[in-house]
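In what follows, a structure is listed as structure tokens, so that the remarks can point back to it.
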Amino acid sequence: RLQHGIMVPFNKPSLERHTRAFQSLVSNLRLSPENRARIRSAAGVGSGVWLREIPTLTPKKLNAAEMQMNVRILLGLPIPGLRTTEKCTSCRSRHGPTGVQRFHHCPTSTGLWQRRHAEICAEVARWLSRWNFIQVEQEPASYFENLGLRPDIVATHPRTRQRYALDITVVSPLQGKYLRRSQEENGYAARIAENWKFAHYKEAMAVEKPDDKFIPIAIETFGRTGNMTQEFLRDSCKHLLHHSEELSTVRAQLNRQLWQGNAAVALGALRVDQLDNPLVPLFSFQRSMRPR
């Protein structure tokens, strides 16, 4: 039934039914703020592509462990084997059984966030090269001479010759400063993250790169992307013959990279916990997910 619901073609009547069902769901007063924000974030364009994947060992798709972990993250279910604490010594916050604080907000996961960020940056750069962008550079150290900022990607459009500087961020809608509005507004966390990045680079771009255009790329941890991100991706492939197919494919692949990164953060945290407490089996999560 779940698979059928995901695969229903989005013709106009079906889209209207889905819209009504979504509004009915997020309006349910019994939902917690966290669950309402999670549902809104996971309902963005292309956010659920990974759910259609059959687990595989190929690097571009999710394997079984990643799929199982991500389903638990998506549904807000407890993660078996994950250590909980009332007050973490790093973030000074409670680590609950669903891993929200541990995976998305605690500095103990910084290295895993950085790896997820690097994979998404590499994927964006790969697609810009595929779309014939010129001089695609990742983290160019000399882009700004005096201001100490370094965008993630710099690239030039093949037709307009407009040069773009991109900075990519992954943001959680469940973060305390976003949660109240994230439960009420689709894409709120991504929009705020885009605006913050834009303001952060505004002076530097005006002083040193007035002819270039800065684009913040913001992706929420459950898959929804910001409006500036969506507009940039649409405009970047308009010159291609099959631009609609390219846009759909890049959204899908970025979504896979995001959820592979989400799973890596969670599985990495479990490995750390297992090292700290060898009595907790490393693969307790996989065993708990087997059919009974």
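The values are calculated or read from the model by the stated rules, or taken from the named source; none is laboratory data. Keep in mind that this is a model prediction, so the values were computed, not measured. Backbone-built Cβ (ideal geometry, glycine too); neighbour counts: all protein chains shown. Areas reflect the complete protein model, heavy atoms only, side chains present, ligands, DNA and RNA absent. Shrake-Rupley method; radii C 1.70, N 1.55, O 1.52, S 1.80 Å.
Give the stretch 234-277 a look and list any residue that's among the polar types (S, T, N, Q) and more than 23 Å from residue 121 (Cβ to Cβ), or say none.
Once the filter is applied, which keeps residues that are among the polar types (S, T, N, Q) and more than 23 Å from residue 121 (Cβ to Cβ), the stretch 234-277 yields 244, 274, 277.
Suppose we keep only residues that are open to solvent by less than 80 Å² (accessible area, probe 1.4 Å) and within 17 Å of residue 117 (Cβ to Cβ) within the stretch 142-157. Which one would you say is nearest to the chain's Cα centre (by Cα)?
Selected residue: 152.
Would you mind finding the one in 50, 113 that is open to solvent by less than 50 Å² (accessible area, probe 1.4 Å) and under 15 Å from the mean Cα position of the chain (by Cα)?
Details: 113 fails: open to solvent by less than 50 Å² (accessible area, probe 1.4 Å).
The conditions single out 50.
Return yes or no: is residue 275 surrounded by fewer than 16 Cβ atoms within 10 Å (Cβ to Cβ), over 28 Å from residue 22 (Cβ atoms) and either modelled with pLDDT under 90 or under 24 Å from the mean Cα position of the chain (by Cα) (or both)?
yes
From (1) open to solvent by 40 Å² or more (accessible area, probe 1.4 Å); (2) out of contact with any helix residue (DSSP H, G or I) (no Cβ under 6 Å at 6 or more places or on another chain), pick out the condition that doesn't hold for residue 119.
Every condition holds for residue 119 apart from (2).
Just give me the residues in the stretch 97-108 being part of a loop (DSSP other than H, G, I, E, B) and either in contact with a strand residue (DSSP E or B) (Cβ under 9 Å, 6 or more places away or on another chain) or hydrophobic (A, V, I, L, M, F, W, C) (or both), in sequence order.
The one that is part of a loop (DSSP other than H, G, I, E, B) and either in contact with a strand residue (DSSP E or B) (Cβ under 9 Å, 6 or more places away or on another chain) or hydrophobic (A, V, I, L, M, F, W, C) (or both): 106.
Going through 185, 194, 245 one at a time, which residue ends up being among the acidic types (Asp, Glu), in a helix (DSSP H, G or I) and in contact (Cβ under 8 Å) with a residue 12 or more places away in the chain?
Selected residue: 194, the only one of 185, 194, 245 that is among the acidic types (Asp, Glu), in a helix (DSSP H, G or I) and in contact (Cβ under 8 Å) with a residue 12 or more places away in the chain.
Return yes when residue 87 is within 30 Å of residue 237 (Cβ to Cβ), at pLDDT below 90 and basic (Lys, Arg) and no when it is not.
So residue 87 fails the test.
Six or more apart or on different chains, Cβ atoms under 6 Å: show the pairs whose first residue is in the stretch 71-91 and more than 20 Å from residue 108 (Cα to Cα) and assigned to a strand (DSSP E or B) and whose second is modelled with pLDDT under 85 and open to solvent by less than 50 Å² (accessible area, probe 1.4 Å).
none
Yes or no: residue 124 at pLDDT below 85, under 26 Å from residue 228 (Cβ atoms) and either open to solvent by less than 20 Å² (accessible area, probe 1.4 Å) or in contact with a Leu (Cβ under 6 Å, 6 or more places away or on another chain) (or both)?
Numbers: at pLDDT below 85: no; under 26 Å from residue 228 (Cβ atoms): yes; either open to solvent by less than 20 Å² (accessible area, probe 1.4 Å) or in contact with a Leu (Cβ under 6 Å, 6 or more places away or on another chain) (or both): yes.
Answer is no for this residue.
Every residue in the stretch 158-182 that is in contact with an Asp or Glu (Cβ under 8 Å, 6 or more places away or on another chain), within 30 Å of residue 104 (Cα to Cα) and open to solvent by 20 Å² or more (accessible area, probe 1.4 Å), please.
164, 170, 179 - these are the residues of the stretch 158-182 that are in contact with an Asp or Glu (Cβ under 8 Å, 6 or more places away or on another chain), within 30 Å of residue 104 (Cα to Cα) and open to solvent by 20 Å² or more (accessible area, probe 1.4 Å).
Tell me which residues, restricted to the stretch 214-242, are touching a helix residue (DSSP H, G or I) at 6+ places or on another chain (Cβ under 8 Å) and surrounded by fewer than 18 Cβ atoms within 10 Å (Cβ to Cβ). I'd like the intermediate steps shown before the answer.
Of the residues in the stretch 214-242, the ones touching a helix residue (DSSP H, G or I) at 6+ places or on another chain (Cβ under 8 Å) are 214-229, 233-234, 236-237, 240.
Matches in the stretch 214-242: 227, 234, 240.
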